[in-house]
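The structure under discussion appears below in the form of structure tokens.
The values are calculated or read from the model by the stated rules, or taken from the named source; none is laboratory data. For clarity, every value in this text was computed on a predicted model and none was experimentally measured. Methodologically, a virtual Cβ is constructed for each residue, glycine included, from the backbone with ideal geometry; neighbour enumeration extends over all protein chains shown. Areas reflect the complete protein model, heavy atoms only, side chains present, ligands, DNA and RNA absent. Shrake-Rupley method; radii C 1.70, N 1.55, O 1.52, S 1.80 Å.
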Amino acid sequence: DSIISKIEKNNPGLQKYEFRIQALDTYASAAKGWDAPQVGAGVYMLPYNLSPDMGSVMISIQQMIPGPGKTSSAFNYLRQKSSVEQESRNFDRNQLISMAKMLYYDWIIVKKKEQVLSSNQSQMNFLIKTSEARLAYEQEKLNSIYKAKAALLEIDKEQLMYDREIVDKRVGLNTLMNRDKNSSFE
């Protein structure tokens with residue numbers, strides 16, 4: 001649950017959708033607004049010699065009044081666009097959560113495999129010790145000891161492979177949570 005909440009909070013892909021949704025909501029609220037009135041002043045037909053008795057001053061005020069049908073349709077359009085972005089965000093969120101769950105459960109499975117390997121390793125060490133002790137009394141053959149040591153090295157190799165897999169899963173989860181990829185957690 002903490003991984004999922006951190007993904008929802010910190011993932012840049014989901015944050016991108018949040019910003020788009022906020023922008024579309026802001027545009028929708030502004031869709032019903034009116035343009036600011038325009039005020040202007042200036043001279044009209046003023047000659048070059050700047051005679052005070054000629055020419056005139058002009059003042060203009062202009063206000064655009066939008067049609068209510070146009071503003072409400074723009075408002076509804078932007079609201080619908082916002083809900084589409086919300087659904088896209090939910091889709092991406094579900095995909096990220098499923099990836100996180102897959103990585104998490106794969107991590108748990110690899111941990112369990114690693115535990116089984118460590119018990120196998122202790123059993124192989126015990127088998128090698130008893131075989132070496134029996135070899136002194138000629139009750140064991142040398143090739144069986146070498147086979148057991150080879151199996152022990154194979155277990156070590158698999159354990160290294162599982163350790164690497166655990167690191168890969170941790171890096172994947174840290175990436176989804178937008179954290180440092182080498183942050184360790186259990």
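Structure above, values below:
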| item | result |
| --- | --- |
| Subset tally (residues that are among the charged types (D, E, K, R), without any contact (Cβ under 8 Å) to a residue 60 or more places away in the chain and either part of a helix (DSSP H, G or I) or farther than 30 Å from Met99 by Cβ (or both)) for region 1-23 | 2 |
| Filter result for the condition that a residue is closer than 30 Å to Asn182 by Cβ and either in contact with a helix residue (DSSP H, G or I) (Cβ under 7 Å, 6 or more places away or on another chain) or open to solvent by less than 100 Å² (accessible area, probe 1.4 Å) (or both), over Gln62, Gln121 | Gln121 |
| Scope region 158-186; condition assigned to a helix (DSSP H, G or I), closer than 15 Å to Lys111 by Cα and not hydroxyl-bearing (Ser, Thr, Tyr); matching residues | Glu158, Gln159, Leu160, Met161, Asp163, Arg164, Glu165, Ile166, Val167, Asp168, Lys169, Arg170 |
| Conditions (1) touching a residue at least 24 places away in the same chain (Cβ under 8 Å); (2) surrounded by fewer than 15 Cβ atoms within 10 Å (Cβ to Cβ); (3) part of a helix (DSSP H, G or I); number of the one not met by Phe75 | (2) |
| Residue count, region 99-117 (criterion: open to solvent by 50 Å² or more (accessible area, probe 1.4 Å) and under 18 Å from Pro12 (Cβ atoms)) | 1 |
| Among the residues listed as Glu18, Glu87, the single one being of a type in the set (D, E, K, R), open to solvent by less than 70 Å² (accessible area, probe 1.4 Å) and within 30 Å of Asn174 (Cα to Cα) | Glu18 |
| Only listed residue being open to solvent by 60 Å² or more (accessible area, probe 1.4 Å), modelled with pLDDT under 95 and hydrophobic (A, V, I, L, M, F, W, C), chosen from Leu152, Leu127, Leu173 | Leu127 |
| First in region 24-45 and over 16 Å from Ser73 (Cβ atoms) and in a strand (DSSP E or B), second anywhere and open to solvent by less than 80 Å² (accessible area, probe 1.4 Å) and at pLDDT 85 or above, Cβ under 6 Å, 6 or more apart | Gly40/Ser60 |
| Test: residue in region 157-164 that is at pLDDT 90 or above and basic (Lys, Arg) | yes |
